[in-house]
Amino acid sequence: MAKSLRFMTLPIAAVMIVSACSSGGTPAPSAGGGTSAAPGGESAAPGGESAPAASGVTGATITVTSLWGGSEQEAFQKVLDDFKAKTGNTATYQAQRTDYATVLQSKITSGSPPDVAIMPGLGFLRQFARSGGIKKISDLGIDPASLEANYPPGILDPGKVDGELYGIMVKFNSKSTFWYRPDKLSAAGATVPKSFDDLKSLISTLQSKGSATPLALGAKDSWTLTDWFEEIYLRQNGPDAYKKLFSPDGDWTDPTVATALDAMKSVITNQNVPGGITGALGVAFTDGIAQAFGANPSADLYYEGGFVGGIATGQVNKSLEIGKTIDWFDFPAFGGSGDTAAEIGGDEIAALTTNPGVKEFIQYMTTVDSGTTWAKTGAIISPVKAVGADAYPNDLAKKEAAQVAGASAVVYDGSDTLPAGAPDMGAMLQKVIQGQDTAGLLSTFNSAVKQAWSDEK
Amino acid sequence: MATVPQPIPTTATTTSPSPRRGLPSGVTALLFLLPALILLLVFLVYPVISTLRMSVDRGLGGNFSRFVGLDNYINVLQTPSFQTAIINNILWLIFYTSIVIFFGLVIAVVAMRVRYESIIKAVVFLPMAIAATALGVIWTFVYQLDPNIGLLNALLGVVGLGPVSWLGDPAWVNAALIAVGIWGSAGFATVILSAALKGISPEILEAARTDGANEFQIFWRIILPMVSLPISVLAVTLVVNVVKLFDIPYVMTQGGPGDASRVIALEFYKQDFSAGQFGKAAAVAVIMLVILIPVMIFNVRRFRSGSVV
């Protein structure tokens, strides 16, 4: 048996070599028709050929990669269809559902990257930008200054690396949304909590009315815990301290961090969470939604970002009624300077090549056309200023867009801001809620994060 | 990347060609060896050397230009989650390997005594036909906390126990994952050991029975010693499986909760490779290689010694 396996490796290896050569060897010009401009981008081309109309090339084909599948992919396809109708260029979507950054990294390293990537996580954006994997927006012939007016202040900041614009936020969701069952709350005679103490008393009210474990939690997906921590930290300490914590100057041994974790542990308890802490650590994010909004709910409250709405109503339980069985309130306040701030998680578009069509696509993604088309699907909130509230198909999304637009400050998801080489913040928080020594965990985490920031330079 | 060495082919070692006209015998031998040598150089020697080189470089984002000596090794060995991973791999090594061999042997011996042996073996072997990823997904459902989904907690509920958070409780998670591994591999062990048992000639067993040995004595004194070689080969295979174990923890827990179910290969992937730290990742790969070398030497010796399943 071992021998026959050994012989089989020969043809397999041969196939691997051939396919590796064929995919890596040709740098995929991928321009569709014969009308494409000279390679190298038209801004660099010294006007030799008869340049097409001012709108740029038509008939080019580019590949766009991101991590959406299912309903999110269908929504994005509508945007790509509109791009084709408006510019005559084709953008083909390639889904990379899991291990997005890893696959992108290896495609860049192997020299056959997709033309455009839409990526979450600023750590990777910075890493790719510094290693030359992604192009500056200005390298495409787009003037970054001309984009500023399209967006509310601060939206373009996360896409800047060392002062240069590399990525542009194309969609986001609020992370300051706390989901609840309006029917259960009114049955218990309770109202939506304004402060964190209100939240605690709401939980005990619900418990006294027969809901044993009101707070759903999907802590197996550890990023749900990073969002919990970030919201609390933002509200307790304000946007400036929040930004500092998730920057190279951040100090995780600062007492404010432990204070925020204590607040988190005061509601995420064995009594409040279905199955207790160990139970919650075995529950995935979507199963957490089902604990509150599924067919057999065991909880009434669930904290996570604005995307919960789409997943809950579209995937977990189609019989949910917005305003009756599902709704959200602002993440409860602490009486600090961050109470009116909002945290968002967003995706940045970046160019990996300067092939014909890339500039047109990136430009298109900054327009009100793409923003409105995408917003209408209900899948996202568009950062483009001119996208009106009427673009959103339902009240949940309208409210979410209004929350962020009306926030006193908007900050970016902190764990997505940390360097790619930082230790797993979610895993650290999984240990914190189990009751392990917080000070010890934080000091280990602090030195590893510091190391990762200095590695990034 | 992760260079897991295959047993070195030993085919051409015993050739003693009679010298004829034409090429001298040494050149002929070399020509015959050449295809295998090229394959070895390309797929074994080069990757190992390249990985060693990468492991002493910072290697951030695939950029290998900053020599750091043994820093990566020191760094990796000091990482708490790597230490947890080593302990978990040892747990897997002890429990997974021994229980798989135990079940394989028991099922093979017992199945041999019944008429519907092939059916039993087919059923036990069936999980081998399922990809480990699918195995992980199936068992993730079985282990679900919600008794409406999780089969195991539904069964516990019937007898008034649980629910147990199999994948969320650090006290249970490794046992739960190892059980999945055992379920997936017991069939393989059964088939290998069953074939070995068939190789024992009936005369020996009959002679023992004639001499008055009971069935337990036959098992302990005759069957077990006679299949000890296949068992050791099987054990080596399972040990290699454990060292490069990745799929089950990756699919089922991502190494969580915290890092309670991390294993070396997952640590290598999660902490280092997907974070773009190729230097550290290469160091982990070299550590895995070093762990495997004694196993490989043992394996090659066994192959050389002749009788192999």
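Residue by residue, here is whether (1) touching a Pro at 6+ places or on another chain (Cβ under 8 Å); (2) in a helix (DSSP H, G or I) holds:
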{"residue": "A:384", "(1), (2)": "no, no"}
{"residue": "A:393", "(1), (2)": "no, no"}
{"residue": "A:399", "(1), (2)": "no, yes"}
{"residue": "A:404", "(1), (2)": "no, yes"}
{"residue": "A:411", "(1), (2)": "yes, no"}
{"residue": "A:414", "(1), (2)": "no, no"}
{"residue": "A:423", "(1), (2)": "no, no"}
{"residue": "A:432", "(1), (2)": "no, yes"}
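Being over 30 Å from residue A:132 (Cβ atoms), surrounded by 22 or more Cβ atoms within 10 Å (Cβ to Cβ) and within 21 Å of the chain's Cα centre (by Cα) holds for only one residue in A:342, A:350, and it is A:342. So, in segment A:272-293, of the ones that are of a type outside the set (A, V, I, L, M, F, W, C) and facing chain B (nearest Cβ under 9 Å), which residue ends up farthest from residue A:430 (Cα to Cα)? Top of the filtered list is A:291.
Of the residues that make up segment B:171-180, is at least one surrounded by fewer than 22 Cβ atoms within 10 Å (Cβ to Cβ), outside any loop (DSSP other than H, G, I, E, B), of a type in the set (Phe, Trp, Tyr) and out of contact with any Cys (no Cβ under 6 Å at 6 or more places or on another chain)? So far as segment B:171-180 goes, no, none of its residues is surrounded by fewer than 22 Cβ atoms within 10 Å (Cβ to Cβ), outside any loop (DSSP other than H, G, I, E, B), of a type in the set (Phe, Trp, Tyr) and out of contact with any Cys (no Cβ under 6 Å at 6 or more places or on another chain).
The helices (runs of 4 or more DSSP H) found wholly in segment A:144-217 and carrying at least 1 residues that are over 28 Å from residue A:406 (Cα atoms) occupy A:182-187, A:196-208. Would you confirm, using the coordinates I've provided, whether residue A:406 is in contact with a Ser or Thr (Cβ under 9 Å, 6 or more places away or on another chain), away from chain B (no Cβ under 14 Å) and surrounded by fewer than 19 Cβ atoms within 10 Å (Cβ to Cβ)? Considered against the rule, which asks whether it is in contact with a Ser or Thr (Cβ under 9 Å, 6 or more places away or on another chain), away from chain B (no Cβ under 14 Å) and surrounded by fewer than 19 Cβ atoms within 10 Å (Cβ to Cβ), residue A:406 comes out as yes.
Looking at A:288, A:275, A:279, just one residue is buried (at least 18 other Cβ atoms within 10 Å of the Cβ), without any contact (Cβ under 8 Å) to a residue 12 or more places away in the chain and within 26 Å of residue A:205 (Cα to Cα), and that residue is A:279. Residues of segment B:68-85 that are surrounded by fewer than 17 Cβ atoms within 10 Å (Cβ to Cβ) and within 30 Å of residue B:248 (Cβ to Cβ): B:74, B:77, B:78, B:80, B:83. The set of residues from segment A:92-123 being over 20 Å from residue A:139 (Cβ atoms) and touching a residue at least 60 places away in the same chain (Cβ under 8 Å) comprises A:101, A:110, A:120, A:121, A:123.
Step by step: first the residues of segment A:77-116, then only those that are within 25 Å of residue A:419 (Cα to Cα) and of a type in the set (Val, Ile, Thr), then the one that is farthest from the chain's Cα centre (by Cα). Which residue is that? The residue in question is A:109.
Hey, can you tell me all the residues within segment A:113-134 that are assigned to a loop (DSSP other than H, G, I, E, B) and at pLDDT below 90? Answer for segment A:113-134, where residues must be assigned to a loop (DSSP other than H, G, I, E, B) and at pLDDT below 90: A:120, A:121, A:131, A:132, A:133. Taking the listed residues A:391, A:448, A:386, the one that is within 9 Å of chain B (Cβ to nearest Cβ), more than 15 Å from residue A:226 (Cβ to Cβ), more than 20 Å from the chain's Cα centre (by Cα) and not acidic (Asp, Glu) is A:448, with no other qualifying. Among the residues of segment A:267-286, is there at least one that is touching a Lys or Arg at 6+ places or on another chain (Cβ under 7 Å), within 21 Å of residue B:149 (Cβ to Cβ), among the hydrophobic types (A, V, I, L, M, F, W, C) and assigned to a helix (DSSP H, G or I)? Looking for residues that are touching a Lys or Arg at 6+ places or on another chain (Cβ under 7 Å), within 21 Å of residue B:149 (Cβ to Cβ), among the hydrophobic types (A, V, I, L, M, F, W, C) and assigned to a helix (DSSP H, G or I), one finds none in segment A:267-286, hence no. Each residue in segment B:38-75 was checked for being under 22 Å from residue A:452 (Cα atoms), of a type in the set (Val, Ile, Thr) and in a helix (DSSP H, G or I), and 1 pass. Against the conditions (1) within 14 Å of chain A (Cβ to nearest Cβ); (2) under 30 Å from residue B:289 (Cβ atoms); (3) modelled with pLDDT of 90 or more; (4) in a helix (DSSP H, G or I), residue B:89 satisfies every one except (1).
Residues in segment A:145-182 that are buried (at least 18 other Cβ atoms within 10 Å of the Cβ) and small (Gly, Ala, Ser): A:159, A:167, A:174, A:176.
Residue under question is residue A:86, and the condition is that it be charged (D, E, K, R), within 13 Å of chain B (Cβ to nearest Cβ) and not in a loop (DSSP other than H, G, I, E, B); does it hold? Criteria not met by residue A:86. Within segment A:386-430, being more than 25 Å from residue A:222 (Cα to Cα), in contact with a helix residue (DSSP H, G or I) (Cβ under 9 Å, 6 or more places away or on another chain) and either without any contact (Cβ under 8 Å) to a residue 40 or more places away in the chain or not hydrophobic (A, V, I, L, M, F, W, C) (or both) holds for A:387, A:388, A:389, A:390, A:391, A:392, A:393, A:394, A:398, A:401, A:402, A:408. Here residue A:126 meets the list (1) crowded, with 19+ Cβ neighbours inside 10 Å; (2) farther than 17 Å from residue A:352 by Cβ almost entirely, failing just condition (2). Among the residues of segment B:25-49, those identified as within 30 Å of the chain's Cα centre (by Cα) and away from every other protein chain (no Cβ under 14 Å) are B:33, B:45, B:48, B:49. When A:220, A:244, A:209, A:265 are checked against the criterion of being among the basic types (Lys, Arg), within 13 Å of chain B (Cβ to nearest Cβ) and more than 24 Å from residue A:378 (Cα to Cα), A:220 stands alone in meeting it.
Considering only residues that are of a type in the set (Ser, Thr, Tyr), under 22 Å from residue A:128 (Cα atoms) and exposed (fewer than 15 other Cβ atoms within 10 Å of the Cβ), which ones fall in segment B:24-67? Of everything in segment B:24-67, just one residue is of a type in the set (Ser, Thr, Tyr), under 22 Å from residue A:128 (Cα atoms) and exposed (fewer than 15 other Cβ atoms within 10 Å of the Cβ), namely B:65.
If you go through segment B:124-161 and keep only what is β-branched (Val, Ile, Thr), touching a helix residue (DSSP H, G or I) at 6+ places or on another chain (Cβ under 8 Å) and free of Cβ contacts under 8 Å to residues at least 12 places away in the same chain, you end up with B:142, B:149. Restricted to segment B:182-275, the set of helices (runs of 4 or more DSSP H) holding at least 2 residues that are within 14 Å of chain A (Cβ to nearest Cβ) comprises B:228-243, B:247-252, B:264-267.
Right, residue B:146: among the charged types (D, E, K, R), within 14 Å of another protein chain (Cβ to nearest Cβ) and crowded, with 20+ Cβ neighbours inside 10 Å or not? The answer is yes for residue B:146. Here residue A:433 meets the list (1) more than 27 Å from residue A:161 (Cβ to Cβ); (2) touching a residue at least 24 places away in the same chain (Cβ under 8 Å); (3) surrounded by fewer than 17 Cβ atoms within 10 Å (Cβ to Cβ); (4) within 14 Å of chain B (Cβ to nearest Cβ) almost entirely, failing just condition (3).
The values are calculated or read from the model by the stated rules, or taken from the named source; none is laboratory data. For clarity, every value in this text was computed on a predicted model and none was experimentally measured. Counting neighbours? That spans all protein chains shown, and the Cβs are built from the backbone with ideal geometry, glycine included.
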